[in-house]
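One structure below.
The values are calculated or read from the model by the stated rules, or taken from the named source; none is laboratory data. Everything numeric here is computed off the predicted structure, so don't read it as measured data. Cβ placement follows ideal geometry from the backbone for every residue including glycine, while neighbour counts extend to all protein chains displayed. SASA here: full protein model, heavy atoms, side chains in, ligands and nucleic acids out. Shrake-Rupley method; radii C 1.70, N 1.55, O 1.52, S 1.80 Å.
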Amino acid sequence: MIIRVRRVAAACALGAALTACGGNPAPHATRPAPSAPTATSSRPPTLAPGPAGLTPVFKNGPRSDGRTVALTFDADMTADQGPRAARGEHFDNPPLIATLRALKVPATVFMTGRWADEYPTQARAIGRDPQFEVANHSYSHYAFTGDCYGLPTVAPERMKADVERAYAAFKKAGVPDAMPYFRFPGGCYDQRSLKALSSVGVTAVQWDVVSGDAFATDADAVAQQVLEGVRPGSVVVMHCTRSAAPVTERAVRTIVPELRKRGFRFVKVSELIGAAGRHH
């Protein structure tokens, strides 16, 4: 289930030839797929653990490190939505990915494991395209806190397993290098959930610009909200789900040229996190 974004107490809270959400990726060498992130010399940048070893939380990159902005897209599918997909509901968005490719916009896709199970060809195409990076949005898209937009919740003792199950789903789908970044469903987290994931080795990625694309019907309003909110180093949260975010692709076609006109450069989340690490 895609949900409207808000912050919660304690921590917050796209061509035509392409026929799949991921379409056909640009060819490049395939590297071994980890079942979960492991510490190696080629490991993507992450933030250092927080106090008491808690999972670190990243919200935006440095404001003084050039006019960079990261567009992020949540590929949401809740574990119990299989029947809806079987009846024809689309939790993917091929035109969005095609447009991002056509516009040459790097992006980070926060994917649920359930989405990768439903759309393995698309997950693999996105994951093997160097223009994109795939990050973890849990397996189930169940909440990691209570009172999170009515989402079912993950028991604390199952939180780590839910994240690891998503990495396993990415590997099964053929995603070669899922990133060690995690976005909490709904953006909802607290001290308990940060502690539960501390041994997974991920950086939790939030945002500082809410696009408002979930359930929106006015692409111009979504674009305007993003354009008004973006600052250097911003992370924009959007969605890759046709059924619940139907105007996102149209909004992107407005957002990208306008931000480029303003001198912004589009980057993946990993670049912003790397810059944040250098600044510290």
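Side notes on the structure shown:
- Placing R0 at 41 angstrom, the Cβ-Cβ distance between R84 and R158 gives a FRET efficiency of 0.95 after rounding to 0.05.
- Extension gain, A221 back to E258 (0.36 nm per residue minus Cα-Cα distance, nm): 11.9 nm
- In the chain, a dipole from Cβ-located charges (positive for Lys and Arg, negative for Asp and Glu) runs towards its positive end, and of A244, I255, P130 it is P130 whose Cα lies farthest in that direction.
- Cα gyration tensor, region 163-214 - rounded (a/c under 1.5), prolate or oblate: oblate
- Global geometry of the chain, whether rounded, prolate or oblate, following the gyration tensor of its Cα atoms and the 1.5 cut on a/c: rounded
- Helical contribution to [θ] at 222 nm, DSSP H n ≥ 4, -39,500 (n - 2.57), averaged over the chain, rounded to 500: -8500 deg cm²/dmol
- When a 1.4 Å probe is rolled over the protein heavy atoms, the share of accessible surface on the chain that falls to carbon and sulfur comes to 51 percent.
- Region 91-151 versus region 250-264: alpha-carbon centroid distance in Å: 21
- Using a Förster distance of 30 Å, the FRET efficiency for K172-S42 (Cβ separation, nearest 0.05): 0.85
- At a probe radius of 1.4 angstrom, the accessible area of the chain per residue rounds to 41 square angstrom.
- Shape call, region 167-280: gyration tensor on alpha carbons, a/c limit 1.5: prolate
- Region 175-234: relative contact order as a whole-number percent, Cα under 8 Å and 6+ apart: 31
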